[in-house]
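Colleague: Structure provided below as structure tokens; questions to follow.
The values are calculated or read from the model by the stated rules, or taken from the named source; none is laboratory data. All figures in this text were calculated on a predicted structure; none of them were measured in a lab. Cβ: placed from backbone, ideal geometry, glycine included. Neighbour counts: every protein chain shown. Just the protein is used for accessible areas: all its heavy atoms, side chains included, with ligands, DNA and RNA removed. Shrake-Rupley method; radii C 1.70, N 1.55, O 1.52, S 1.80 Å.
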Amino acid sequence: MRKVHISFLGTTNYAPCNYYNEDQPDLSIKDVRFVQEASIKYYCHDFGKDDLVLVFVTDQAKTKNWKDNGHEDKKNQGEMLKIEGLESRLKKLELNCGYKLVRIDNGIDKSEVWSVFQTVLNELMDNDIVVLDITNGFRSLPMLGMVLLNYAKSVLDIKIRSICYGALEELQLEGKSIYKIKLENRNVPILNLKEFSVLQDWGTAANDFKEYGQSKKLESLIVTNTFSDFLDKEPSTDVVDKFKELGKNLNLVTSSINTVRGKSIKKGEIFDNLRKSIKDIKEDNFIAPLSPLLGIITQKVKPFKENDARNGVDAAQWCYDHGLIQQGITILIESIIEIVLIENGMSTTYKKNRNMASSVLAVARNNFKMNGYDPIEVATLYNSRIVSLFNSDGFYKKLNNQYRNDINHGGFNASKRPMGHVHIPKSPEEFKPELNTAIEKTYSILESLTSQPCS
């Protein structure tokens, strides 16, 4: 994988400074005009022949700061200051890698911003490991660089080694000239702001969970200890283990719903384990970006109870909320069957009982064929209040015979039926509103029941 240092060069006549990095106290970069000289030494010490230093410049920045003697001597009008440009300074660094100058627009309007975006992106390659120096350049350029790298993490799978910034404000100039400060006192820290990029990763992962119910990115961030970027010291083994447990339990919940693991959803242990993991993490209370996210997860699993068949209806709601329409229809149908059997005191573990309940719900009484079913049990189901509620308006029959069969057969079950009826596959837009209606009706039916909660 290639390693790349990226920076923008501005037009200011940069004053010589001394740069230091608290993480590398033995290395001090003294009396240099360009922050790139410091950030390269601090973060690119292992660059080799296949790696690259990229400097993005406008036409004016190239003249003033890339080439030598680019600034006018204000004391002697018409004469140029005898100072080295960044190109000369990079040559003196005797880099083990190459360097490249890339021209960009000024980025002062929308079209130029997009031009800069595309130019920088074109210089990156898949899986690059990037050091971004955001110290210099027109104000919008460092911000654009941050946004661009976040985009490149997705489309090119780049990795961020560091985001460095020379914090000149530490000199507390407050409007006075930097030259009023003696060179030996112009000590500027180089900050590594990599956690900004990590925070963007957390934001993306949080959005994936909130909008789509997907926890893969979130679990990866948790399990790989990415949260440690926000800490002043390495977390203890106990804390790391708690986070790994949280990641595992979160993944188990989302994957169980995504794959319609009805028994696990009904049992509810997966939700209890996740709630316990959240409680354990909250007790440590030291990672700010995770706090609101834990609140979102807590709310998402709040409806699920221990050993409750109605968990399946809540899982169907979860699926609807996150666009998992096929899973939602499937788990809702199976949960209705489960609830009907439980309400009638019949075992839910026998396949024959489930088939009978499904048939009683989906087939009119006068068309039902016994097929070996116990007539008393069939009559019990048909006469039960809960079946009559699910049979009202042909609700269950429509959901099962039309929408579930259609979506689970991929629309390939189109066929000509007796009496000239033709089954036509549904359009993609038809499934979601039907699932929503079915969930609302199911909740309404369950609320109207006066029996004990399903268990």
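Colleague: Under 20 Å between C-alpha atoms is the cut-off here; go through the range 296-422 and count lysine pairs that meet it, provided they're at least eight residues apart or on different chains.
Modeller: Details: K351/K369; K351/K397; K352/K369; K352/K397; K369/K397; K369/K398; K397/K416; K398/K416.
Eligible lysine pairs with Cα atoms under 20 Å apart amount to 8.
Colleague: Answer with one residue from S427, I158, L290: the one whose Cα lies farthest towards the positive end of the charge dipole of the chain, charges on Cβ with Lys, Arg +1 and Asp, Glu -1.
Modeller: S427
Colleague: So, one more: Of all DSSP beta bridges in the chain, what percent run antiparallel (nearest 5)?
Modeller: Beta bridges within the chain, antiparallel portion: roughly 25 percent.
Colleague: How many nm is it between the label spots at K216 and Y151, if each spot is 7 Å from the Cα in line with the beta carbon?
Modeller: In this crude label model, K216 to Y151 measures out at 2.3 nm.
Colleague: Another question about this same structure. I'd like the carbon and sulfur percentage of the solvent accessible area for the chain, probe radius 1.4 Å, heavy atoms only, ligands and nucleic acids excluded. Can you show the working numbers first?
Modeller: On the way: 11870 of 24030 Å².
Roughly 49 percent of what the probe reaches on the chain is carbon or sulfur.
Colleague: For the chain, what does the accessible surface come to per residue with a 1.4 Å probe? Please give it in Å².
Modeller: 53
Colleague: About its Cα centre, what dipole magnitude does the chain give when the only charges are +1 on Lys and Arg Cβ and -1 on Asp and Glu Cβ, stated in debye to the nearest 20?
Modeller: Computed charge dipole of the chain: roughly 1240 debye.
Colleague: Any idea which of W114, A362, N187 is furthest toward the positive side of the dipole for the chain, if Lys and Arg beta-carbons carry +1 and Asp and Glu beta-carbons -1?
Modeller: A362
Colleague: A follow-up question, please. Multiply the residue separation of K159 and T298 by 0.36 nm, subtract the distance between their alpha-carbon atoms, and state the gained length in nm to one decimal.
Modeller: This chain segment gains 46.9 nm when fully extended.
Colleague: Which value, in debye to the nearest 20, describes the size of the charge dipole of the range 94-245 about its Cα centre when Lys and Arg Cβ atoms bear +1, Asp and Glu Cβ atoms bear -1, and nothing else is charged? Write out the running numbers ahead of the final one.
Modeller: Details: 18 positive and 24 negative charges, 75 e Å.
For the range 94-245, the charge dipole is close to 360 debye.
Colleague: Same structure, new question: Roughly how many nanometres apart are two label points built 7 Å out from the Cα toward the Cβ at L93 and N355?
Modeller: Distance between label points: 7.4 nm.
Colleague: Can you match mean projected area of the Cα convex hull in nm² to one of these, (1) 31.1; (2) 21.8; (3) 25.6, based on a calculation from the structure here?
Modeller: Recomputing mean projected area of the Cα convex hull in nm² here gives the entry labelled (1).
Colleague: Given only helices, namely DSSP H runs of n ≥ 4 each adding -39500 (n - 2.57), what is the per-residue ellipticity at 222 nm of the chain, to the nearest 500 deg cm²/dmol?
Modeller: Helices in the chain give a 222 nm mean residue ellipticity of -14500 deg cm²/dmol.
Colleague: Rounded to the nearest 10 degrees, what's the angle between the helix 290-301 long axis and the longest principal axis of the chain, both from Cα atoms, 0 to 90?
Modeller: 10
Colleague: Same structure, new question: For the range 61-181, what are Rg and Dmax over the alpha carbons, in angstrom?
Modeller: Over the range 61-181's Cα set, Rg and Dmax evaluate to 17.1, 52 Å.
Colleague: Let me ask you something else. Which Cα, out of I222, G137, F196, lies furthest along the positive dipole direction of the range 119-250 (beta carbon charges, K/R +1, D/E -1)?
Modeller: G137
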